[in-house]
Amino acid sequence: MTGEAVSAPLLVLEDIRKTYASGGGVAVEVLRGVSLTVEAGEFVAIVGSSGSGKSTLMNILGGLDRPTSGSYRVAGRDVSELEGDERAALRRDGFGFVFQHYHLIPGTSAQENVEMPGRYAGLPAALRESRAAALLGRLGLGERRHHRPNQLSGGQQQRVSIARALMNGAPVILADEPTGALDSASGAEVVALLRELAAEGRTIVLITHDRKVAEAADRVVEMRDGRIVADSGRRSIPAAPPPAPAERHGPASVRTSAGEAFPAALRSLGANGFRTALTLLGIVIGVASVIALLAIGEGAKRAVMARVGALGVNLVYVLAGSGDPRLPTTPLTEADGEAILRLPNVESVMPYLDTPVMVRYGNIDHRTSGLATSASLPLTHRWPVAQGAFFTTADERAGAAVAVLGHNVAKKLFPNGESPLGRHVQVNNIPFQITGVMGRKGDLTGSQDTDDWVFVPLSTGVQRLVGKPDLQLILVSVHDVGRITRTRDAIRKLLGERHGQEDFQIRDVTARIKAATETQDTMTLLLGSAAVVTLLVGGIGVMNIMLVSVTERTREIGIRMAAGARASDIERQFLMEAALVAGLGGLVGVALGLASGALVGLFVMPVLFTATAIAGAVTSAVATGLVFGLIPARRAARLDPVAALSSE
């Protein structure tokens, strides 16, 4: 509006018509061929009774509404060619609006209301603040600039509205019944203020039904039934040239507008604290569920993996029997173990033959399991001896009556803490001398506590406890875990040749680890899915509350659009609020999830919190807020400015 030739009329309307469809589908023509030219610097009053079409004309002049037909040009530019952001820019830079009911945003100070057009114009915060303070000071509100609208009188609110209209240095002020809601004294002050602005060279278009107010203008245009019926023409020449336009910075960048939207979002959410808290609840529960359930799942996975891993990842299990009762079976023997020991990559071989036994020391009896094995057990199982020493290969060859106690067996037979070493215990009424006590190992098999075993040499166990040399298991440890599959295949080939058939089973811990991992991953996925469903429910709550917020704040949206907000600014505002709700809910949910998970870990089962799960939960919460806030935000951005301003 500032780059055109001086001779071009500022506002030109030609044969403007506006038709609305009524509720019954009947077209109602509000403007009927209005033609009007307004020169720069004119003070024009448009008068008429209610329903004459003057407010509709002002909305078209300010780019808030579109005519059904006709031509409207601003400084020679056809407004009908402008769309979206261009129309917002016209309102932002070209017009300042003063409304009958002030249209200040509640919950924000006078200073913030005045600054609002500057935000959408991209003015730096410091410049915006100083300019708003100067305007309010000029209008006698310097000491009340931090007051909210409900703390100001009607006249003061209207002066704040005028200051807002001047914020971006708009050359045209459109005042729609600015004195209609004021007492006579306050109304006179507003009219005097408009006269002062006109004297500075601004173009003033005043809409009023009061002819006394209209007399303050240089030119009076009368409307009746959607037509101009009288025009007094211009009575005087402007006393001053048009004011220099305010410094232009263009629309706010995404980063700047997002930064401005954040405090506005905080204020909006704070204004409805209880409702915001209820909205947060769904996100809080969702995020807490994600963190706690994933921690429980990861903890269970870690516990299972630790138990499986304790078996040794370098072990191969050779079990007697094919698993098919219809096939004949050749027992595993100590000779099979010796043959396996000669294979490449085999570190040690541990035969396994267990039998129920009764162990007695003094007057203490304990029923447990006896394991007849070889001296290689500590090496094969990576299982150290806590006291004394394990029996030796010489003890095996001699069939010595020696035994090593498991940790729990030693505690039960010697409860007073005396050393078992060198003592004799009865194993199935046969005396055995104790040479050592094993360190604590735990449950390796998932069904039997290995700390409750008594270990004897294989030859001794066969001769004195079992009576036959048929082995149940041969445990093989390998040097290179990377070649464990090749070693397993070699064992299968060797025993197949020795037995003439595959009447045995071969397993290794890698298969167990894989199966356990897959099972735990499935459980974690199920737990995570349940938590995600909860988070989605929270997201739906965010969407619902944002839709309610859009409905409640429709007029505010119209005010922001009149101040020059683009559709993207409105959309970003509501998206920021949705993300803020979700983000705050996410942070509270993290705290709740950590606390609940810690309680589970303290009293129920192990849990494992991971930074990835926590960050993912918060990110998911914010993303959920953005996704579910998108529909309300777009609905807000697509509102018609005129309809939004007129909403209750």
Could you pull out every one of the helices (runs of 4 or more DSSP H) wholly within the range 88-181 that has 1 or more residues that are of a type in the set (Asp, Glu), in contact (Cβ under 8 Å) with a residue 24 or more places away in the chain and touching a Cys at 6+ places or on another chain (Cβ under 8 Å)?
none
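Matching residues to (1) among the aromatic types (Phe, Trp, Tyr); (2) over 21 Å from Asp218 (Cβ atoms); (3) not assigned by TED's automatic domain parsing to the domain that holds Val190:
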residue	(1), (2), (3)
Glu14	no, yes, yes
Arg17	no, yes, yes
Val34	no, no, yes
Ser49	no, yes, no
Val74	no, no, yes
Leu104	no, yes, no
Neighbours by Cβ (under 7 Å, 6+ apart or cross-chain): first from the range 450-470, over 12 Å from Asp354 (Cα atoms); second among the basic types (Lys, Arg) and modelled with pLDDT under 95
Asp451/Arg440; Asp451/Lys441
Let me spell it out: the conditions are (1) within 55 Å of the chain's Cα centre (by Cα); (2) assigned by TED's automatic domain parsing to the domain that holds Arg483; (3) of a type in the set (Asp, Glu), and Asp324 meets all of them except one. Which number is the exception?
(2)
Residue by residue through the range 51-72, note down the ones that are under 13 Å from Glu222 (Cα atoms) and among the basic types (Lys, Arg).
Lys54
Residue in the range 306-318 that is modelled with the lowest pLDDT, counting only those that are surrounded by fewer than 17 Cβ atoms within 10 Å (Cβ to Cβ) and not in a loop (DSSP other than H, G, I, E, B)
Gly309
Picking from Arg77, Arg66, which residue would you name as being in contact with a helix residue (DSSP H, G or I) (Cβ under 8 Å, 6 or more places away or on another chain) and within 26 Å of Arg119 (Cβ to Cβ)?
Arg66
Consider the range 379-397. How many of its residues are part of a helix (DSSP H, G or I) and in contact (Cβ under 8 Å) with a residue 60 or more places away in the chain?
6
Looking only at the range 114-133, and only at residues there that are among the charged types (D, E, K, R) and crowded, with 21+ Cβ neighbours inside 10 Å, the one that is farthest from Leu166 (Cα to Cα)
Arg119
Please go through the range 332-374 and give me each residue that is in a loop (DSSP other than H, G, I, E, B) and within 23 Å of Asp508 (Cβ to Cβ), ordered by number.
Thr333, Arg342, Leu343, Pro344, Asn345, Ser374
Could you please find all residues in the range 75-87 being charged (D, E, K, R) and either touching a residue at least 40 places away in the same chain (Cβ under 8 Å) or not in a helix (DSSP H, G or I) (or both)?
Arg77, Asp78, Glu83, Asp85
Of all residues in the range 33-63, how many are among the charged types (D, E, K, R) and more than 53 Å from the chain's Cα centre (by Cα)?
2
Looking at the range 159-192, which of the residues that are of a type in the set (A, V, I, L, M, F, W, C) and surrounded by fewer than 19 Cβ atoms within 10 Å (Cβ to Cβ) is nearest to the chain's Cα centre (by Cα)?
Ala181
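Table: residues versus (1) at pLDDT below 85; (2) in contact with a helix residue (DSSP H, G or I) (Cβ under 6 Å, 6 or more places away or on another chain); (3) crowded, with 23+ Cβ neighbours inside 10 Å.
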{"site": "Met543", "(1), (2), (3)": "yes, yes, no"}
{"site": "Val548", "(1), (2), (3)": "yes, no, no"}
{"site": "Ile559", "(1), (2), (3)": "no, no, yes"}
{"site": "Arg572", "(1), (2), (3)": "no, yes, no"}
{"site": "Gly593", "(1), (2), (3)": "no, yes, yes"}
{"site": "Met605", "(1), (2), (3)": "yes, no, no"}
{"site": "Gly625", "(1), (2), (3)": "yes, yes, yes"}
{"site": "Arg635", "(1), (2), (3)": "no, yes, no"}
For Leu630, which of the numbered conditions (1) in contact with a Gly (Cβ under 7 Å, 6 or more places away or on another chain); (2) within 30 Å of Asp93 (Cα to Cα); (3) surrounded by fewer than 17 Cβ atoms within 10 Å (Cβ to Cβ) fails to hold?
(1)
So which residues in the range 545-566 are among the basic types (Lys, Arg) and outside any helix (DSSP H, G or I), if there are any at all?
Arg553, Arg566
Here are Leu475, Leu465: which of them is in contact with a helix residue (DSSP H, G or I) (Cβ under 7 Å, 6 or more places away or on another chain) and at pLDDT below 95?
Leu475
List every residue pair whose Cβ atoms sit under 6 Å apart, with the two residues 6 or more apart in sequence or on different chains, where the first one lies in the range 39-51 and is surrounded by fewer than 20 Cβ atoms within 10 Å (Cβ to Cβ) and modelled with pLDDT of 90 or more and the second, anywhere, is not aliphatic (A, V, I, L, M) and not in a strand (DSSP E or B).
Glu39/Pro9
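The values are calculated or read from the model by the stated rules, or taken from the named source; none is laboratory data. In this text the structure is predicted, and so the values were computed from the model without any measurement. A quick note on method: Cβ atoms are made from the backbone with ideal geometry, for glycine too, and the neighbour counts reach across all protein chains shown.
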